[in-house]
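Reviewing the structure listed below.
The values are calculated or read from the model by the stated rules, or taken from the named source; none is laboratory data. This one's a predicted model, so the numbers in the text were calculated from it and none came from an experiment. Don't worry about glycine lacking a Cβ; one is built from the backbone with ideal geometry, like all the others, and counts go over all protein chains shown.
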Amino acid sequence: MCGIIGYIGKKAAAPIILEGLRRLEYRGYDSAGLAVLGDSVLEVRKKLGKIDEGLAPLVKTSPVTGTLGIGHTRWATHGVPCDENSHPHLDASGRIAVVHNGVIENYDLLKQRLAKAGHKFKSTTDTEVLAHLIGENYAKRGGSGKEALVTSVMDALREVIGTYGLAVICADCPDLMVGARRGSPLIIGIGKDEHYVTSDANAIVAHTKKVVYLNDYDVATITAGSFEVSNLGADTANVQISNLEFSQEDAARGKHAHFMLKEIYEQPQTILNALRGRLDFEGATAKFGGLNMSMAELRSIDRIVIAASGTSWHAALVGEYLIEELAQLPVEVEFAHEFCYRNAPLEKNTVLLVLSQSGETADTLAALREAKRRGHRALAIVNVVGSTIARESDGGIYMHAGPEIGVASTKAFVSTLTVLTLLAVHLGRMRMLSANRAREIMKALEALPKQVEKILAQNETIKKLAQKYHKAEDFFFLGRGYTFPVALEGALKLKEISYIHAEGYSAAEMKHGPIALIDADTPTVFVVPQDSMYDKTMANLAMIRARKGPVIAVATAGDKAIAKVADDVIYLPPLLEPVSPILATIPLQLFAYHIAVARGCDVDKPRNLAKSVTVQ
Ligand code: M6R
């Protein structure tokens, strides 16, 4: 949700922090702020609004100098977005500054106690309470020195209930930055005579590729020349230095107007990345390096529960169709946030599979932990290497899609579907899937990048359609079978970035109620490739036409019947049904993108949203 960056070294901290915040802005953009240690005084600048409209002009008119600093970009949880609620927050003395991601659940109780002791608060945030708590501990310890600060942070963290990724600096300690995590990521970046902390490696990849991912309850004591990590719950911390696998260029927008468009256009490559080294034509199966399960263990799975959120949940629905058809294994799809709390029975040989682009979604992480707590094996399909879900799962498969910066997920969805198809083939070949059928599907996967390019070549046609329909206030997206989840995803993309009310349904479900909403001003996007559901979907389409609803069809090239009944058609190449969701999704991404642009919306930073949802 929010983003953290901190710097300690010999360079000017403010430009590094500002640049880092720009790279983090997709994580939260209500407001931003920084604190830099100047001449024994903390200089704090913070401002409502996006960085280049608020904080950056403020820092320009009111500069800060110093080589130690922390910064934050905010997605509001406690308290409205405003200057006062922006981070960093100071303690009562004004000598300790804190930036924090996560939620302090017992902040109200702590606030009452501190208020009774005379503390005055300037904001309505939980983070300011934490800053005051650290400050109170520090004052009790005599209020000076590195050791006192680190112990004060640790004592405060022992008292709080909730989640945090945080960075703390103090005016008395010019060579110290303290970082800590529980439930919200924090990474140390290692440089030469300098260190960084951040909640997201994108912010520091331009400076260093050597990083340490902190674990829950870790507290890091960081100076320019060294760092130490201890753990609040264990005698020793597990510190491993990793290398970032992506570059600054991968995380840049390049020639494209928006990250979302860039990421849509990257899909031929990201599909290739998801397939690379995983197609075994000789054995007619897919192979993976990291599932950490023997053939016998995989063979003994009786049921898979897939838990995910948002777009990843739509991918899970496609996964259900794939695994049930190709492997004949029962699959249940759960919203991650429902799965954790409803005490669903899990039989002995049930495996949980979680899907997550970021690998940090709090709901999905909670589902993973719940399954593990109950003694089940938990696998994950994740994009971000080294993310919490990737590290806590028992095994899994990386998407290798590269950084996804646009808040609306595109390439990660398609990569997840690609990996799920491979997994379904893998599980299927241990059961009843014939070698011929497996090879047919694998060939269809191999053909995808070129087919995606053909769809991308229709960008101008789709843009014109978007211009025709961009004033509609309500939309339906309908599909059946494999393309039902695609319809859900098409509707989500449109509502997220254009703020148009859009509903995704199974085309068959319309007649049970929602069709009451159809009229001449309510367009319906029908995903209707020539697959096993074609005749039935066409019958559903006729029902919409009979109510004068405009129809935009996503159909198979060469389908003559569709041109007669739809107002507009976007054509897909002929395709094999199990891979149809991958291709059918792409025109819907472009359609949503161009509608949002036509409506003047901020595509990459839609209102109220943040890229990675690290609160429950
Ligand atoms: O990182 P995750 O895949 O776990 O994220 C899950 C959802 O928060 C995410 O897909 C969200 O729905 C996106 N904004 C969709 O575009």
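Things worth noting here:
- Selection within segment 200-228 - buried (at least 18 other Cβ atoms within 10 Å of the Cβ) and farther than 26 Å from R74 by Cα: A224, F227
- Flag for A367 being more than 10 Å from the ligand (Cβ to nearest atom), in a helix (DSSP H, G or I) and aliphatic (A, V, I, L, M): yes
- The residues of segment 409-442 that are surrounded by fewer than 20 Cβ atoms within 10 Å (Cβ to Cβ) and in contact with a strand residue (DSSP E or B) (Cβ under 9 Å, 6 or more places away or on another chain), listed by number, are M430, A435.
- Long-range neighbours under 6 Å by Cβ, at least six apart or interchain, first residue surrounded by fewer than 24 Cβ atoms within 10 Å (Cβ to Cβ) within segment 517-530, second basic (K, R): I518/R547; A520/K548
- Segment 565-616: number of residues that are farther than 27 Å from P529 by Cα and free of Cβ contacts under 8 Å to residues at least 24 places away in the same chain: 3
- Among the residues of segment 466-484, just one is among the acidic types (D, E) and either within 27 Å of the chain's Cα centre (by Cα) or on the phi > 0 side of the Ramachandran plot (or both), namely D474.
- Filter pass, V551 being β-branched (V, I, T), modelled with pLDDT of 95 or more and away from the ligand (no atom under 16 Å from the Cβ): yes
- Among the residues of segment 147-174, those that are touching a residue at least 12 places away in the same chain (Cβ under 8 Å), among the charged types (D, E, K, R) and more than 16 Å from I70 (Cα to Cα) comprise D155, R158, E159.
- The residues of segment 370-389 that are within 14 Å of the ligand (Cβ to nearest atom) and buried (at least 21 other Cβ atoms within 10 Å of the Cβ), listed by number, are A380, I381, V382, N383, V384, S387, T388, I389.
- Taking the criterion of being within 11 Å of the ligand (Cβ to nearest atom) and of a type outside the set (A, V, I, L, M, F, W, C), the residues of segment 309-356 that qualify are S309, G310, T311, S312, H314, H337, S356.
- The set of residues in segment 142-176 being in contact with a strand residue (DSSP E or B) (Cβ under 8 Å, 6 or more places away or on another chain), more than 23 Å from S387 (Cβ to Cβ) and aliphatic (A, V, I, L, M) consists of L149, V150, V153, M154, V160, I161, V168, I169, A171, L176.
- Note on segment 497-510: residues that are in a helix (DSSP H, G or I) and under 17 Å from Y469 (Cβ atoms) total 2.
- When segment 496-516 is filtered for residues that are within 14 Å of the ligand (Cβ to nearest atom) and either crowded, with 19+ Cβ neighbours inside 10 Å or more than 22 Å from the chain's Cα centre (by Cα) (or both), the ones remaining, listed by number, are E496, I497, S498, A502, G504.
- The residues of segment 289-308 that are within 20 Å of E392 (Cβ to Cβ), small (G, A, S) and away from the ligand (no atom under 16 Å from the Cβ), listed by number, are G289, G290.
- Some residue of segment 557-580 being under 22 Å from the mean Cα position of the chain (by Cα), surrounded by 24 or more Cβ atoms within 10 Å (Cβ to Cβ) and either within 16 Å of the ligand (Cβ to nearest atom) or within 30 Å of A336 (Cα to Cα) (or both): no
- Some residue of segment 278-288 being out of contact with any helix residue (DSSP H, G or I) (no Cβ under 9 Å at 6 or more places or on another chain), more than 16 Å from the ligand (Cβ to nearest atom) and either closer than 26 Å to R369 by Cβ or at pLDDT below 95 (or both): no
- Candidate set from segment 395-426 (those that are under 22 Å from D280 (Cβ atoms) and of a type in the set (S, T, N, Q)); member that is nearest to the ligand (Cβ to nearest atom): T416
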